[in-house]
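This report concerns only the one structure given below.
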Amino acid sequence: MQDILKRLGIKALNAGVCSDADRWIPGAGAELASINPATNEVIATVTQASVADYDRAVAAAQAGFEQWRLLPAPKRGDVIRDLGNALREYKEPLGELVTLENGKIREEGLGEVQEMIDICDFAVGLSRQLYGLTMHSERPGHRMYEQWHPLGPIGIITAFNFPLAVWSWNAAIAAVCGDTMIWKPSPMTPLTAIAVQHICNRVMAQHGVEGVFNLVIGANDVVGERLLNDERLPLISFTGSIGVGKHVARTVAGRLGRCILELGGNNGIIVSADADLDLATRAIVFGAVGTAGQRCTTRRLIAQRSIVDELCARLARAYQSVPIGDPMAEGVLMGPLVSESAVEAMMAAVERARADGGEVLTGGRRLPDIGANFVEPTIIRMPAQSPLVCEETFAPILYIMDYETLDEAIALHNAVPQGLSSAIFTRDLTRSEAFLGHAGSDCGIANVNIGTSGAEIGGAFGGEKETGGGRESGSDAWKAYMRRQTNTINFSGELPLAQGIEFDV
Ligand code: NAD
């Protein structure tokens, strides 16, 4: 562990605020310990920001913006290219630090860093494609077009379960768009954020730029609230739970700021009677057990009545063979939950499911012999989609329900408040097209014959309803980080008015 920390510049006690190129401020707020969820041991400690520390960092982001926005976008892309290259260099220790601090298995920790690298590559290309449209004016001798300008310093608030990838989806795109940023990471994963800031500092120094990437680690009620209410930040990109997301939306809307909201998911998979059950089983297990169920993952399985027993049996067998243990160890596929309170929330959900008539097919228990916060991945066959199933419990619980007709399955699928990702397993084109059609899945992501998690950065990521409606990475998500300006240029020597209005003076 010490070797990983050393390579990433993490000390026993770390400053929690960084602004300008490499100005670390030992925050005047309370100290925060970063805990390894597999052992409950302290990895290292961070001094959190006070409001004054936060204000200094935002001032640096503002000053940085004045310069950064004037750099041509392809030159900003050069900086992001080097950030991607630096991340390639640090992929191993950074991925391992994710595992230490968050508990996801090493393979997934490394995958997160790869996602950062991928989005940097994507953003470099994007830096030459921030296209605006031209329109035909109704007035002779006039030219109309729209262009996209940098928006300002923006706020990025991230969740514990993707401590790196979510920041990078925002940061790489925002940076090529000409924005500077303040990052407030989850208090559960401050060290990964500090490690990334060290890497950003190195890249900024290489290019002689300052104040593009800034970090503020601080308490929700001190720094978090200040950030939401900060009129200097025209955009807050928030990833987290629905409850906090609603508060973020209300607060930022109250000052007419903009939000990108990436909130809770409660993803469902429909398995049709004609599906390839082998394929479906593998995808469901990865979706529901991966990241110990602590991701926007598969929580609901809606299986056609004639195959549900067979599918349950296959899944139960697969679940019982999942190697659970030290997330750093080779071959382990499931690590711990992030904290004792996450374990308690899972156990409470299992009890509630039983009370609702659910039958636990496998799992449902703690695994204290392995270490701290370990649990069994759990499958529960439910008689109906009860209110519990409509909530997101951030744990490896898969609820299984059955259906008779596809209309019934789609109705059940859509009858939850969240709308992130969804999938159908079928070999029948009419069924898959019905699922993808206007009356099909109501989610931001809808897949056929692949699971609901593990999206690629090339596609816009986000969801509908209580998932918040935001989109990050991929496609045209960049527009959220810029302001659009419509320009009309008159080269006619006359002054014709739009809509043919006559106004002679
Ligand atoms: P959380 O809502 O507890 O915290 C998210 C972030 O919000 C943290 O950085 C936290 O410190 C901050 N925060 C909390 N209160 C705040 C306040 N008053 N002001 C400002 N910031 C505040 O979520 P979590 O437990 O870290 O993450 C899990 C949740 O995130 C799940 O619901 C999951 O579905 C969701 N999530 C969604 C996506 C997505 O893309 N849709 C991705 C990852 C996680």
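The values are calculated or read from the model by the stated rules, or taken from the named source; none is laboratory data. A quick note: this is a predicted structure, and the numbers were derived from the prediction, not measured. We place every Cβ from the backbone using ideal geometry, glycine too, and count neighbours over all the protein chains shown.
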How many residues, within segment 144-164, are closer than 19 Å to C120 by Cα and surrounded by fewer than 23 Cβ atoms within 10 Å (Cβ to Cβ)?
0
Just name the residue that is farthest from the chain's Cα centre (by Cα) out of those in segment 338-392 that are crowded, with 18+ Cβ neighbours inside 10 Å and among the acidic types (D, E).
E376
Restricting to segment 84-114, name every residue that is among the β-branched types (V, I, T) and farther than 18 Å from A171 by Cβ.
T99, I105
Among the residues of segment 266-282, is there at least one that is hydrophobic (A, V, I, L, M, F, W, C), within 9 Å of the ligand (Cβ to nearest atom) and in contact with a Ser or Thr (Cβ under 8 Å, 6 or more places away or on another chain)?
no
Assess whether P140 counts as being at pLDDT 95 or above, in contact with a Pro (Cβ under 7 Å, 6 or more places away or on another chain) and not β-branched (V, I, T).
yes
Could you say which residue among G363, G293 is at positive phi and either away from the ligand (no atom under 14 Å from the Cβ) or of a type in the set (F, W, Y) (or both)?
G363
Is it the case that I4 is within 19 Å of L94 (Cβ to Cβ), in contact with a helix residue (DSSP H, G or I) (Cβ under 8 Å, 6 or more places away or on another chain) and outside any strand (DSSP E or B)?
yes
Between A52, A38, A30, which is crowded, with 17+ Cβ neighbours inside 10 Å and not β-branched (V, I, T)?
A38
What pairs can you find where one residue is in segment 460-484 and more than 12 Å from the ligand (Cβ to nearest atom), the other is outside any loop (DSSP other than H, G, I, E, B) and among the acidic types (D, E), and their Cβ atoms are less than 6 Å apart, with a gap of 6+ or different chains?
R484/E146
Reported set for segment 182-197 where residues are in contact with a Gly (Cβ under 7 Å, 6 or more places away or on another chain) and part of a strand (DSSP E or B) is I182, K184
Exclusive hit being away from the ligand (no atom under 12 Å from the Cβ), among the small types (G, A, S) and touching a Cys at 6+ places or on another chain (Cβ under 8 Å), set A249, A253
A253
Inside segment 215-316, counting only strands (runs of 3 or more DSSP E) that do not spill past its ends, which hold 3 or more residues that are closer than 29 Å to A174 by Cα?
235-239, 258-262
Would you point out the residue of segment 317-350, among those that are of a type in the set (S, T, N, Q) and outside any helix (DSSP H, G or I), that is nearest to I269 (Cα to Cα)?
S321
Can you confirm whether Q294 is closer than 21 Å to A423 by Cβ, polar (S, T, N, Q) and under 20 Å from the mean Cα position of the chain (by Cα)?
yes
Kindly indicate whether any position in segment 181-194 is within 16 Å of the ligand (Cβ to nearest atom) and more than 17 Å from the chain's Cα centre (by Cα).
yes
The listed residue being touching a strand residue (DSSP E or B) at 6+ places or on another chain (Cβ under 8 Å) and within 30 Å of D276 (Cβ to Cβ), out of T488, T426
T426
Output the residues belonging to segment 221-244 that are within 7 Å of the ligand (Cβ to nearest atom), touching a strand residue (DSSP E or B) at 6+ places or on another chain (Cβ under 9 Å) and not aromatic (F, W, Y).
G224, L227, L228, T239, G240, I242, V244
Which of the residues belonging to segment 195-220 are of a type in the set (V, I, T) and within 16 Å of the ligand (Cβ to nearest atom)?
V196, V216, I217
